[in-house]
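Q: Below you'll find the structure I mean.
The values are calculated or read from the model by the stated rules, or taken from the named source; none is laboratory data. All values derive from a computational prediction rather than experimental measurement. Positions of Cβ are backbone-derived with ideal geometry, glycine not excepted, and every protein chain shown enters the neighbour counts. In case anyone asks, the SASA skips ligands and DNA or RNA and just uses the protein heavy atoms, side chains included. Shrake-Rupley method; radii C 1.70, N 1.55, O 1.52, S 1.80 Å.
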Amino acid sequence: MTAAAYPQLMSLEQWRGLPEAPAQRVELQEGLAIVSPRPTPAHSRAASRVWQQLAAQLPEGFEALQEVEVVIDAATPATVRIPDVIVRRTDADDSMITGDQVVLAVEVVSPGSRRTDHVMKRSEYADAGIAHYWIIDLDAPITFTVLRLGPEGYVGDQASGEVTVRSPFPMTVVLDAG
């Protein structure tokens, strides 16, 4: 194989210079652009419901955002993820959201994202210091994997259909099959 057969790993600067791709969801994983289809209606509906419920319960000074780029690792080869929902402080820098600004990241599992959400992103988010990570699986029954970052990585529990937490804030989120 020639050197041209191996793509160049992108830097964060190169990534930020790319045009938007509204028909696709593009994340940067260790310098490689990873393209996936846009979320299905069920996925989008679940993410919106979580966003609405979180936004209504957050203390002053925090906000919930949907589908924003989060720089997980700025060093080349860079990693940029797009969680379905994040919670962060309202006084955080808007020019570039970094992992250390994210209090909670939420991913809704898609048919092709199970391994990425449960393994890759779990590892990346832990390395970035994101203290809370929720994984929502829409297969019946709907399950929440609620993870907290500890000294040895993420630890947590699963709940079905409804989750109530005390940390990072007292909150309850309910998802039904509808």
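Q: Can you tell me which residue within region 93-111, out of those that are of a type in the set (Val, Ile, Thr) and over 15 Å from Ala47 (Cβ atoms), is surrounded by the fewest Cβ atoms within 10 Å (Cβ to Cβ)?
A: Kept after step one, since they are of a type in the set (Val, Ile, Thr), are these residues of region 93-111: 97-98, 102-103, 106, 108-109.
Right, trim to over 15 Å from Ala47 (Cβ atoms) and you get 97-98, 102-103.
Values: Ile97: 19, Thr98: 17, Val102: 26, Val103: 19.
Top of the filtered list is Thr98.
Q: Restrict the check to region 49-67 and report whether at least one residue is open to solvent by 40 Å² or more (accessible area, probe 1.4 Å) and more than 30 Å from Pro170 (Cβ to Cβ).
A: No, region 49-67 contains no residue that is open to solvent by 40 Å² or more (accessible area, probe 1.4 Å) and more than 30 Å from Pro170 (Cβ to Cβ).
Q: What are the residues in region 79-91 that are closer than 20 Å to Glu27 by Cβ and either of a type in the set (A, V, I, L, M) or open to solvent by 50 Å² or more (accessible area, probe 1.4 Å) (or both), if any?
A: Taking region 79-91 and keeping what is closer than 20 Å to Glu27 by Cβ, we get 79-88.
Result: Val80, Ile82, Val85, Ile86, Val87.
Q: Out of curiosity, is Ser95 of a type in the set (Ser, Thr, Tyr) and either under 30 Å from Pro111 (Cβ atoms) or in contact (Cβ under 8 Å) with a residue 12 or more places away in the chain (or both)? Even if it seems obvious, please write down each step before you answer.
A: On the way: of a type in the set (Ser, Thr, Tyr): yes; either under 30 Å from Pro111 (Cβ atoms) or in contact (Cβ under 8 Å) with a residue 12 or more places away in the chain (or both): no.
No: the conditions fail for Ser95.
Q: Against the definition (open to solvent by 20 Å² or more (accessible area, probe 1.4 Å) and in a strand (DSSP E or B)), how does Val119 come out, yes or no?
A: Working: open to solvent by 20 Å² or more (accessible area, probe 1.4 Å): yes; in a strand (DSSP E or B): no.
Judged against the criteria, Val119 is not a match.
For every residue, the table says whether it meets (1) under 20 Å from Ile72 (Cβ atoms); (2) out of contact with any Ser or Thr (no Cβ under 7 Å at 6 or more places or on another chain).
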site	(1), (2)
Ile130	yes, yes
Phe144	no, yes
Leu147	yes, yes
Gln158	no, no
Val165	no, yes
Pro170	no, yes
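Q: Within region 132-171, how many residues turn out to be outside any strand (DSSP E or B), modelled with pLDDT under 95 and farther than 23 Å from Thr98 by Cα?
A: Of the residues in that region, 6 qualify.
Q: Oh, and also: For Thr76, only one of the following conditions fails: (1) among the hydroxyl-bearing types (Ser, Thr, Tyr); (2) free of Cβ contacts under 8 Å to residues at least 40 places away in the same chain; (3) open to solvent by 50 Å² or more (accessible area, probe 1.4 Å). What is its number?
A: (2)
Q: Next up: If we scan region 112-121, do we find a residue that is closer than 24 Å to Pro59 by Cα, modelled with pLDDT of 95 or more and either in contact with a helix residue (DSSP H, G or I) (Cβ under 6 Å, 6 or more places away or on another chain) or not aromatic (Phe, Trp, Tyr) (or both)?
A: Of region 112-121, the ones closer than 24 Å to Pro59 by Cα are none.
No, region 112-121 has no match at all.
Q: Here is a check on your reading of the model: is Gly129 in contact with a Gly (Cβ under 8 Å, 6 or more places away or on another chain), modelled with pLDDT of 95 or more, open to solvent by 20 Å² or more (accessible area, probe 1.4 Å) and of a type in the set (Gly, Ala, Ser)? Give the derivation first.
A: On the way: in contact with a Gly (Cβ under 8 Å, 6 or more places away or on another chain): yes; modelled with pLDDT of 95 or more: yes; open to solvent by 20 Å² or more (accessible area, probe 1.4 Å): yes; of a type in the set (Gly, Ala, Ser): yes.
Here the answer is yes, as Gly129 does meet what is asked.
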